[in-house]
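Reading through the structure tokens given below for one structure.
The values are calculated or read from the model by the stated rules, or taken from the named source; none is laboratory data. Since the model is a prediction, treat every value here as computed from it, not as a measurement. FYI the Cβ positions are ideal-geometry reconstructions off the backbone, even for glycines, and counts take in every protein chain you see. All accessible areas refer to the heavy atoms of the entire protein, side chains included, with ligands and DNA or RNA removed. Shrake-Rupley method; radii C 1.70, N 1.55, O 1.52, S 1.80 Å.
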Amino acid sequence: MKFAFTFIQNQSNRKKLKLLFCLSILLCLIPSPGNAATNSWELFPENPIVGDTLEIRGNDFAGETADVWVSFEKDVQVSDGTYAYLLEDVVIPPGFNNRFTVQAIGVDDLNVRVKMILWITITGKAKEGVATVSQVGVPPGTYKIRIDGKSNASDVKLRITGLQQVKVDSGSFSYKYDTKSIPSGNFEVKVGDVTKQVTLQPAESPSSEQKEDKKENVFRDWNTWKIWIEGILIGIILLLLYSRIKKR
């Protein structure tokens, strides 16, 4: 006890204890990496339907870019030993830091055929019934994608994933994704460390009244064009008759 009391009474030791005490408080105030604010993002609209353009808004993101992953699954029936699935109007946004991956389960092989102007085919062989084809740096544009191959199963499962790297400005970003090429059902969106399941509702089919209105509009437009065409033909015929009479 005398030793401890003497140690504290020493002026030099008291200063050291004060310094250690201040350092301990400072370390407690510094947030640990586990308690630091994590990135977050929201999806608009919250209940999308096929054809909607989704907007993903992110906050508290570190760095200059963020990776946005969108993936969905599709069960495709096999007919006569082959399977096929067509995606139309697949929009690849501007930027070359992107990736498109197709994984087929229960197959012998996998062909991913992409058409913008001409068809380009990438083929992958299956290993234990699973085949994967991936392409990076896809140029921006609107594509038609056909996925097909051979299989001995009754149906195959396709998992289609797209990656797009977006620019982060002061910790925030906004990214838009067109859902025209995604079938209705569940799909997954992952941005940073946060993954969310989203349900895409099927697009409403037009009512019978809307269909009738569309038919009437088409019929009306056709009648208008028909009148114009008939008028032009009559004018040409009259002009030819007048030119012949004038020659005589």
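Worth pointing out:
- Residue 103 vs. criteria open to solvent by 30 Å² or more (accessible area, probe 1.4 Å) and part of a strand (DSSP E or B): yes
- Flag if residue 111 is open to solvent by 80 Å² or more (accessible area, probe 1.4 Å) and touching a residue at least 12 places away in the same chain (Cβ under 8 Å): no
- The range 90-108: number of residues that are at pLDDT below 95 and aliphatic (A, V, I, L, M): 3
- Residues satisfying the stated conditions in the range 149-163, i.e. under 16 Å from residue 129 (Cβ atoms) and either open to solvent by 10 Å² or more (accessible area, probe 1.4 Å) or not polar (S, T, N, Q) (or both): 149, 150, 152, 153, 154, 155, 156, 157, 158, 159
- Some residue of the range 33-52 being charged (D, E, K, R), open to solvent by 90 Å² or more (accessible area, probe 1.4 Å), at pLDDT 90 or above and outside any loop (DSSP other than H, G, I, E, B): yes
- Top-ranked residue of the range 55-84 - restricted to ones that are over 20 Å from residue 177 (Cβ atoms) and part of a strand (DSSP E or B), ranked as most open to solvent (accessible area, probe 1.4 Å): 77
- Here residue 142 meets the list (1) over 20 Å from residue 74 (Cα atoms); (2) surrounded by fewer than 13 Cβ atoms within 10 Å (Cβ to Cβ) almost entirely, failing just condition (2).
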